[in-house]
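For reference, the structure discussed in these notes is given below.
The values are calculated or read from the model by the stated rules, or taken from the named source; none is laboratory data. In this text the structure is predicted, and so the values were computed from the model without any measurement. Here the Cβ positions follow ideal geometry from the backbone for every residue, glycine too, while neighbour counts run over all protein chains shown. All accessible areas refer to the heavy atoms of the entire protein, side chains included, with ligands and DNA or RNA removed. Shrake-Rupley method; radii C 1.70, N 1.55, O 1.52, S 1.80 Å.
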Amino acid sequence: MAVDRTRIEAAVGELLAAIGEDVTRPGLEATPRRVAEAYGEFFAGLGVDPLDHLRDTIPVGPATGELVLVRDLAFRSICEHHLLPFVGRAHLAYLPGDRVVGLGRLPAVVDTLAARPQVQERLTEEIAEALQTGLAPRGILVVLDAVHGCVTSRGPRQTASSTVTMATRGELSDPVHRAEIMAMIGAGQ
């Protein structure tokens, strides 16, 4: 499902006119097209199944190791409340069941789910749920740490703040396991 760029261009032109700008002035004449192109990228995850990235799993035996942890995956999304960006780092951990997936597939899951109008709390849960469904691991921990444009650029203007959300499943819901992994996540910073 692709975004309707023609409609976005028309809407951006109307928005610029509504704030009192001349859409035909130099510097703005290409803005509706540029915004439509950006929105095509920002919302490319709409209509895409994140589980597609987890289809080619690798069966493993009992010697899979205790934990898979991928730290510091950069992501960006657009807050559905103000259509402003939020950007941050995702940390994904799972205890393999009987299969694993190529490590490059994990950022693809994050990117797909983040490329939708989103709130961080739901994004965290959606990533955890996709990993649970796609990999059937013994446990999952997902931590997102992001800076929100709606907090830094308007309203409270808290430029030094970030928001941390967490979702767990299975064995990694245990506070002791969670604390150990949180320490490992912090070790990379």
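The residue list V151, V164, V142 contains one member that is within 20 Å of E80 (Cα to Cα) and either of a type in the set (F, W, Y) or in contact with a strand residue (DSSP E or B) (Cβ under 6 Å, 6 or more places away or on another chain) (or both), which is V164. Considering (1) β-branched (V, I, T); (2) out of contact with any His (no Cβ under 9 Å at 6 or more places or on another chain); (3) buried (at least 17 other Cβ atoms within 10 Å of the Cβ); (4) over 22 Å from I8 (Cβ atoms), the lone condition that V35 does not fulfil carries the number (4). Of the residues making up the range 97-112, those that are buried (at least 18 other Cβ atoms within 10 Å of the Cβ) and of a type outside the set (D, E, K, R) number 6.
Annotation: of all residues in the range 23-52 being in contact (Cβ under 8 Å) with a residue 24 or more places away in the chain and in contact with a Leu (Cβ under 8 Å, 6 or more places away or on another chain), the one that is farthest from L113 (Cα to Cα) is P32.
Number of residues in the range 59-86 that are farther than 29 Å from D4 by Cβ, assigned to a loop (DSSP other than H, G, I, E, B) and not acidic (D, E): the value is 7.
Please state which one of D22, D56 is in a loop (DSSP other than H, G, I, E, B), closer than 28 Å to R122 by Cβ, touching a helix residue (DSSP H, G or I) at 6+ places or on another chain (Cβ under 9 Å) and open to solvent by 70 Å² or more (accessible area, probe 1.4 Å).
D56
Name the residues in the range 146-169 that are buried (at least 18 other Cβ atoms within 10 Å of the Cβ) and of a type outside the set (S, T, Y), would you? Correct list: A146, H148, V151, A167, R169. Taking the listed residues T124, T159, T165, the one that is in a strand (DSSP E or B) and farther than 18 Å from T57 by Cα is T165, with no other qualifying. Residues considered: A2, A11. Of these, the only one that is modelled with pLDDT under 95, open to solvent by 50 Å² or more (accessible area, probe 1.4 Å) and over 29 Å from M166 (Cα atoms) is A2.
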